[in-house]
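Report on the structure given below.
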Amino acid sequence: MEENMDEKILRERERYEAFEKKRFAEETIEEENKQSIQSGTILIHKIPVEFSERRILQEKAAIWMPSDFEELTEEEISAIYLLGNKPQIVWGNTYLNFSLGFHYTEHKVPNEFMGDFAKIAKMMLEKTGPKVTIYGIKNRKSGKHNISYLEFVSHTLDAAIYNIMFFSSLEERVLIGFMNFGYKYNKRYRTIALEMLETFRFLEDEEGEEEK
């Protein structure tokens, strides 16, 4: 009986290890990256995750994110952003190594200058030294708003973190968005993060269209 139980445990462990290997296989990621968060539910390493659009920042903006994302406490935010410059509000859940946050600053910068804002952030990050590797800067439009963003990898004592920071002007004040996840999940999470960024929009743009 003992031998049979040991064999059963061994078989279960082998099944689990095979499943974990398949979850992170290149072909699994390639297939999952074809899915769109705007379809409602997608697979992330074979885990079904529901996405929906949520109005944020006192209903001034909207973005698609996992439906079960919840606001983190101040203590939880401090634990994630150890180096300071932490967002005022962050969303996450218990099973995805992924967080979304925003910091609404007091700095007044008109919308027309936001296209170059990521370049300023890049120069500041480069001064931090070799612990940051910058991959690129891009710009996009959301209605009338200019949004610039940059992708970079930062390093803590025990992990590499992939970051997407995006910059826009809300009521002429700088709004900084943060998306962060473990670098080892980059091949899957980056696709999701960039699509989330594509869905980010300002509701005042729609109000302006309705008034016409």
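The values are calculated or read from the model by the stated rules, or taken from the named source; none is laboratory data. Remember, predicted model here, so these are calculated numbers, not experimental data. FYI the Cβ positions are ideal-geometry reconstructions off the backbone, even for glycines, and counts take in every protein chain you see. For the accessible areas, the whole protein counts, side chains as well, though only heavy atoms, and no ligand, DNA or RNA atoms are used. Shrake-Rupley method; radii C 1.70, N 1.55, O 1.52, S 1.80 Å.
Would you pick out the residues in the range 145-171 that are at pLDDT below 90 and either touching a Phe, Trp or Tyr at 6+ places or on another chain (Cβ under 8 Å) or under 19 Å from Ile56 (Cα atoms) (or both)? Selection gives Ala159 alone. Within the range 153-187, the residues that satisfy the criterion of being in a strand (DSSP E or B), over 10 Å from the mean Cα position of the chain (by Cα) and among the polar types (S, T, N, Q) are Ser154, Ser168, Ser169. I'd like the full set of residues that are modelled with pLDDT under 90, among the aliphatic types (A, V, I, L, M) and surrounded by 12 or more Cβ atoms within 10 Å (Cβ to Cβ), limited to the range 69-105. Once the filter is applied, which keeps residues that are modelled with pLDDT under 90, among the aliphatic types (A, V, I, L, M) and surrounded by 12 or more Cβ atoms within 10 Å (Cβ to Cβ), the range 69-105 yields Ile77, Ile80. Residue check: Arg190 meets all listed conditions (1) in contact with a Gly (Cβ under 8 Å, 6 or more places away or on another chain); (2) in a helix (DSSP H, G or I) but one, namely (1).
Selection over the range 1-38 of residues that are in a helix (DSSP H, G or I), of a type in the set (Ser, Thr, Tyr) and under 22 Å from Asn186 (Cβ atoms) gives a count of 1. Among the conditions (1) touching a strand residue (DSSP E or B) at 6+ places or on another chain (Cβ under 9 Å); (2) over 17 Å from Ile192 (Cα atoms); (3) open to solvent by 10 Å² or more (accessible area, probe 1.4 Å), Gln58 misses just one, which is (1). Quick check, is Tyr135 in contact (Cβ under 8 Å) with a residue 12 or more places away in the chain, over 17 Å from Glu112 (Cβ atoms) and open to solvent by 40 Å² or more (accessible area, probe 1.4 Å)? Yes, satisfied.
Residues that are modelled with pLDDT of 95 or more, among the acidic types (Asp, Glu) and open to solvent by 50 Å² or more (accessible area, probe 1.4 Å) within the range 175-212 comprise just one, Glu198.
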